[in-house]
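The next block holds one structure in the form of structure tokens; read it before the comments.
The values are calculated or read from the model by the stated rules, or taken from the named source; none is laboratory data. Computed from a predicted model, the values in this text were never measured in an experiment. Cβ placement follows ideal geometry from the backbone for every residue including glycine, while neighbour counts extend to all protein chains displayed. Ligands, DNA and RNA are stripped out before the accessible areas are found, and what is left, the full protein with its side chains, is counted by its heavy atoms. Shrake-Rupley method; radii C 1.70, N 1.55, O 1.52, S 1.80 Å.
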Amino acid sequence: MASSKLISDTEQWKELKAHVADIKKTHLRDLLCDDARSRAMMVEFDGILLDYSRQQATLETVGKLFKLAEASSLKQKIDRMYNGDHINSTENRSVLHVALRAPRDAVIQSDGKNVVPEVWKVLDKIKEFSERVRSGSWVGATGKQLKDVVAIGIGGSFLGPLFVHTALQTDPEAAESSRGRQLRFLANVDPIDVARNITGLNPETTLVVVVSKTFTTAETMLNARTLREWISSALGPSAVAKHMVAVSTNLTLVEKFGIDPNNAFAFWDWVGGRYSVCSAVGVLPLSLQYGFPVIEKFLKGASSIDQHVRSEPFERNIPVLLGLFSVWNVSFLGYPARAILPYSQALEKLAPHIQQVSMESNGKGVSIDGVPLPFEAGEIDFGEPGTNGQHSFYQLIHQGRVIPCDFIGVVKSQQPVYLKGEVTPEQLQKENVPSHLVAHKTFTGNRPSVSILLPSLNAYNIGQLLAIYEHRVAVQGFIWNINSFDQWGVELGKSLATQVRKQLNASRTKKESIQGFNFSTTSLLTRYLQASADVPADPPTRLPQI
Ligand SMILES: O=P(O)(O)OC[C@H]1O[C@](O)(CO)[C@@H](O)[C@@H]1O
């Protein structure tokens with residue numbers, strides 16, 4: 001274990017700790033009376049407005065946060081990321097998702113090699129392949145056009161693409177270009193998910209995209225085998241070549257699985273799973289659905305924010321400001337959660353995606369050098385689109401626990417509806433509230449939030465939003481000095497789960513007794529084995545169906 005200095009040992013951290021008492025004495029209501037303060041807390045870039053005046057912070061707090069950024073070498077860390085240094089030191093890798101959306105003529109090095117040409121080679125291949133499928137020049141085994149796509153993948157190989165797909169579905173341009181086509185996502189190992197996803201689809205007109213960085217993830221490989229069976233039992237084993245393609249960094253395993261390597265789309269170990277939506281992981285299924293030109297706009301939006309993060313001074317740098325205030329809320333004010341509240345139904349899958357990006361990245365208990373953290377890092381992310389959330393958990397946010405909120409607004413809706421002559425209810429009518437209800441009917445306020453206002457929600461804006469959140473999470477990790485890009489905890493979880501699977505298999509097939517688990521696990525496994533005693537050890541293949 002290294003003995004590097006923790007950020008919490010610096011003077012700048014201690015100054016912020018001491019500053020908390022001043023802020024706790026101040027009510028947000030009073031802070032908001034200061035127009036100059038509010039004006040200074042608004043930042044605009046490329047059509048996006050960030051208003052952070054509703055943070056429990058003064059301009060002095062902001063100054064102190066910038067000093068903390070300096071103490072944590074934030075600028076140098078951002079530069080090291082863009083320079084392709086192995087900042088993911090525990091896995092000895094570069095972190096270069098910014099290269100996935102860089103312009104064709106950009107130069108971004110990893111291990112002494114410019115990776116941008118490789119990125120564009122894959123993008124060009126996706127463009128060509130998706131155009132062939134969409135135009136009908138690539139057809140299925142029976143000569144029919146492939147109108148439907150099932151993307152199999154989990155975690156980072158699922159949540160980001162699902163978020164972007166859901167956000168694009170109602171955008172007029174994307175809706176037009178996807179007319180008559182369907183994109184579905186199969187993630188869960190529970191056969192119910194297979195049943196739901198194949199219901200209503202015809203193998204003759206379906207293309208399956210297996211998305212897995214490692215091509216070893218148990219859930220994905222089981223689902224891939226199931227859909228391979230679905231295709232070959234209907235159309236014969238040779239149909240797999242026409243109906244299944246893959247996205248992976250492990251092209252050897254792709255070939256072993258039976259997918260033609262020519263129909264595989266590569267990405268690289270310098271792309272973390274949860275940061276991979278701009279690689280073939282997202283770009284292939286999304287281009288099949290919407291056409292490459294729409295998805296190229298999405299990449300351009302993300303790239304615009306990449307340039308902003310790298311070059312904008314911290315005072316006007318949206319992801320840096322967001323990251324600093326997240327650290328302020330979590331580590332100084334002691335608020336462990338964050339609500340992501342987009343006022344657009346199209347962003348309904350933003351919170352599930354950011355949950356992985358944020359919590360898998362920053363849910364760490366040790367510094368990048370392996371030193372246990374004496375403070376809390378990471379935050380609990382959750383969210384729902386407004387106004388649905390208002391009718392669900394906002395009560396707790398209003399009057400219960402303090403949860404910093406991200407309010408995301410869209411000025412020009414994808415689907416604007418204007419009602420002529422709509423009358424405003426007389427909400428402000430004086431009520432004769434009985435005294436015993438006054439406290440129940442009062443908001444004490446003083447709850448921090450940021451507002452992010454997008455001009456519209458087209459492919460470009462969706463790319464911007466994605467990149468803002470990705471960089472914000474990285475900024476938080478840089479300040480806390482943790483490794484936001486590894487996931488050893490998840491890997492440990494997977495290996496513990498493998499032991500359980502092995503035990504279940506051994507008990508079923510060889511009647512081996514359960515060994516090496518605690519009382520609780522042993523009891524649950526025993527009960528499960530007893531209750532499923534009628535399941536044959538080697539069951540015949542049966543496709544789930546509804
Ligand atoms: O793309 P793969 O290798 O199948 O992994 C899927 C996901 O599993 C995880 O390792 C978490 O279990 C994620 O980080 C990753 O995105």
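For Thr442 and Asp35, FRET efficiency with R0 = 25 Å and r from the beta-carbon atoms, rounded to 0.05? Spell out each step's value before the answer.
Values: r = 26 Å, r/R0 = 1.03.
Once the sixth-power term is evaluated, E becomes 0.45.
Under a 5 Å amide H to amide H cut-off, with H placed in plane at 1.01 Å, what residues pair with Val150 once short-range neighbours are removed?
Arg184, Leu207, Val208, Val209
What's the magnitude of the charge dipole for segment 248-303 around its Cα centre, counting Lys and Arg as +1 and Asp and Glu as -1 at the beta-carbon? Answer in Debye, nearest 20. Spell out each step's value before the answer.
Values: 4 positive and 4 negative charges, 45 e Å.
Dipole size: approximately 220 debye.
Which residues' amide hydrogens lie under 5 Å from the amide hydrogen of Ile408, considering only partners 5 or more residues apart or on another chain, with H built in the peptide plane?
Leu341, Tyr343, Ile452
Could you pull out the trypsin sites (Lys or Arg not before Pro) across segment 4-49 that fall in loop regions by DSSP (anything but H, G, I, E, B) with no more than 13 other Cβ atoms inside 10 Å?
Values: sites: Lys5, Lys14, Lys17, Lys24, Lys25, Arg29, Arg37, Arg39; in loops: Lys5, Lys25.
Sites meeting the loop and neighbour criteria: Lys5, Lys25.
Can you check how the C-alpha radius of gyration of segment 1-127 compares to 2.2 N^0.38 Å, as a plain ratio?
Values: Rg = 20.5 Å, N = 127, 2.2 N^0.38 = 13.9 Å.
That ratio works out to 1.48.
Hey, what do the phi angles of segment 453-469 turn into as Karplus ³J(HN,Hα) couplings, whole Hz, using 6.51/-1.76/1.60 and θ = phi - 60°, x for Gly and Pro?
Taking θ as phi minus 60°, the curve returns 10, 9, x, 7, 10, 9, 4, 4, 5, 5, x, 4, 4, 4, 5, 4, 5 Hz for segment 453-469.
Rounded, prolate or oblate: which one fits segment 282-359, using the alpha carbon gyration tensor with axes a ≥ b ≥ c (rounded when a/c is under 1.5, else prolate when a/b beats b/c, else oblate)?
On the way: a/c = 2.89, a/b = 1.49, b/c = 1.93.
The shape class here is oblate.
Stretch Glu173-Leu492 to full length: gain in nm at 0.36 nm per residue minus the Cα-Cα span?
Values: separation 319, 0.36 × 319 = 114.84 nm, distance 4.34 nm.
Between Glu173 and Leu492, full extension yields 110.5 nm more.
Counting each DSSP H run of 4 or more residues in the chain as -39500 (n - 2.57), what helix-only mean residue ellipticity at 222 nm follows after dividing by all residues, to the nearest 500 deg cm²/dmol? List each step's numbers first, then the result.
On the way: 20 runs with 237 residues, N = 546.
Helices in the chain give a 222 nm mean residue ellipticity of -13500 deg cm²/dmol.
Using the Karplus curve 6.51 cos²θ - 1.76 cosθ + 1.60 with θ = phi - 60°, work out ³J(HN,Hα) for each residue of segment 499-516 in order, rounded to whole Hz, and write x for Gly and Pro.
Going residue by residue, I get 4, 5, 4, 4, 5, 4, 5, 5, 5, 6, 7, 10, 6, 6, 6, 6, 9, x Hz, with x marking Gly and Pro.
For a distance above 18 Å, tell me the whole-number percent of Cα pairs in segment 329-393 that qualify.
Values: 945 of 2080 pairs.
That tail contains 45 percent of the Cα-Cα pairs.
Could you run the Debye sum over the Cα atoms of the chain, one equal point scatterer each and no solvent, and tell me log10 of I(q)/I(0) at q = 0.06, 0.11, 0.13 Å⁻¹, two decimals?
-0.34, -1.07, -1.36
How do 395-401, 193-199 rank on mean C-beta neighbours within 10 Å, highest first? Numbers along the way, then the final one.
Numbers: 395-401: 12.7, 193-199: 18.1.
Descending mean neighbour count gives 193-199, 395-401.
Of the DSSP beta bridges with both residues in the chain, give the percent that are antiparallel, rounding to the nearest 5.
Percentage antiparallel, nearest 5: 25.
Short version: ³J(HN,Hα) in whole Hz for each residue of segment 312-323, in order, from phi by Karplus 6.51 cos²θ - 1.76 cosθ + 1.60 (θ = phi - 60°), x for Gly and Pro, what are they?
Once rounded to whole Hz, the list reads 6, x, 3, 4, 10, 9, 4, x, 5, 4, 4, x.
Using a 1.4 Å probe, how large is the accessible area of Trp268, given in Å² and rounded to the nearest 10?
Trp268 exposes around 40 Å² with every protein chain in place.
Working from Cα positions, state the angle (0 to 90°, nearest 10) between the long axis of helix 11-24 and the longest principal axis of the chain.
With rounding to tens, the tilt is 70 degrees.
Can you give the extra length, in nm with one decimal, that the chain gains between Glu131 and Lys511 once fully stretched, where that is 0.36 nm per residue apart less the Cα-Cα distance?
Numbers: separation 380, 0.36 × 380 = 136.80 nm, distance 5.31 nm.
The span from Glu131 to Lys511 would gain 131.5 nm if fully extended.
Report, to the nearest 10°, how far helix 218-235 tilts away from the longest principal axis of the Cα atoms in the chain, using its own Cα long axis and a range of 0 to 90°.
Relative to the chain, helix 218-235 is tipped by roughly 40 degrees.
If you roll a 1.4 Å probe over the heavy atoms of the protein chains, what accessible area per residue do you get for the chain, in Å²? Mind dumping the intermediate values first?
On the way: 25470 Å² over 546 residues.
That works out to 47 Å² for each residue.
How many nm separate the modelled label positions at Thr142 and Asn432, each set 7 Å beyond the Cα in the direction of the Cβ?
Roughly 7.4 nm, to one decimal.
Roughly what % of Cα-Cα distances in segment 389-546 sit above 18 Å, to the whole percent?
On the way: 10024 of 12403 pairs.
Tail fraction, whole percent: 81.
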